[in-house]
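Step one of this worksheet: look at the structure below.
We did not get these values from a lab; they are worked out from the coordinates using the rules stated. Just so it is clear, the model here is predicted, and its values are computed rather than measured. Heads up, the Cβs are rebuilt from the backbone with ideal geometry, glycines too, and the neighbour counts pull from every protein chain shown.
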Amino acid sequence: MTAWLDAVFPRRALLEGDRRLLHLFIGRTLGGMGFAITIPFLSLYLHSERGVAMTVVGGMFFLSAFFGAAAQLLGGGWTDRYGRKVVMVGAQIGRGAIFLGLAAAVLFHAPIAWIAALVCGSSFFGRLFEPPSGAMVADLVEGERRSEAYAILRVGGNLGWAIGPALGGFLATLSYWSLFLISAAMMFASGLLLGAKVSETSPRHRKGAPLGAAPETLRLGELGVAFRDRMFLRYCLTTLLLFTVMGQLISTLSVYVVDWAGRSKAELGYLYSLNGLLVVLVQFPAARALLRFRMTTALIAGSLLYAVGYAMMGLGSGFPLLAAAMFVVTIGEITSTPASMNLVARFSSEEFRGRYMGAFGLASSFGWSVGPLVGGVLLDMAKGKAVLLWSLIASLTVLGAVGFWDLRRRIDRTMDQNREATT
């Protein structure tokens, strides 16, 4: 039993290493659960209960991308200036307060503009959590084990995604405002746990050394170092297509499953839970199996799996078919996501790695936020034509696969290989 568990999850690294990594994992799981309880059902509430056009709903998420981008830029500077812990705890507590505001806004039928402002606030605090948590992992773990530690955080978020939507689907049948109330409680619990159990890892702050001159926050102009790399810019634009399709999970899928396919909110929650559970169980074995392949191979395969899975969505409304489509989509996510990050590291030198990661982070977060806007426009235009809706969405990842194939031809083979496979 333990051998099987070690094959799908690195429990030894989590339980036998630094306890701060375990507490960070739990905090990440709680935060992911709080996010997953509400966000898939927010679009459903706005469209079905408040009569908001899906184009407007998508525009709301698109607007939130700018606040998320600002948080990424500010979060890095604040992490170096004030330490990892205070920014992480502040991000989770701040997001909990935002979800309390959303609960009140839904309960009292606040204007849509208020809800949009709160969604932007949620995006800001959610992205603010990423730089300090990533920096803390780098402080805690060195060498080859560091990539495993980053994967642990990703599994923590997806474990929350596996549990949250099933709970959200049940609560949504009772009241939408209760979703946000439970989410707020999860965020506060995460912040309190991190505040109580995780000590500061920054050497500069941990040792109580004088602060001196505070490091500067990453400026937008500094990202030009990465974007002047024409091959990397080509890569970012191609992954933008991939992340735009990934973003369909946020709003397009929820409205389609309930309003178009006629499935219950509980069944919608089960679909999202299937996505998160598969990532938890399959991510590590899949990552090991893909080590011997070039990273662009994984990106091409993942893009095509996304295309097949989303195309299947339009073939019928039965729950088994939708679950099978979600299975294929999730395998596409598992295949492509690790390779997308690894390739960024291979593009960059150690000196400019942070700027390359920041530039890629802007592209990926923009794709996740453009996705609901694209999906909302297509939902309003397709008007019940499911095959047309999902065929258009699937075609974006086919274009992405073509872009990755073209990139594969242009970059050096050694840069495209996993280091683990060459050693």
_Packing-based exposure ordering (other Cβ within 10 Å, fewest first) of Leu233, Leu171, Leu22_ = Leu233, Leu22, Leu171
*Could you put Arg50, Arg413, Arg95 in order, starting from the residue whose Cβ has the fewest other Cβ atoms within 10 Å?*
Arg413, Arg50, Arg95
*asked:* Net charge within 12 Å of Gly34 by Cβ-Cβ distance, Lys/Arg positive one each and Asp/Glu negative one each, not counting Gly34 itself?
replied: +2
*For each of Ile93, Ile152, count neighbouring Cβ atoms within 10 Å of the residue's Cβ, then give the residues from fewest to most.*
Ile93, Ile152
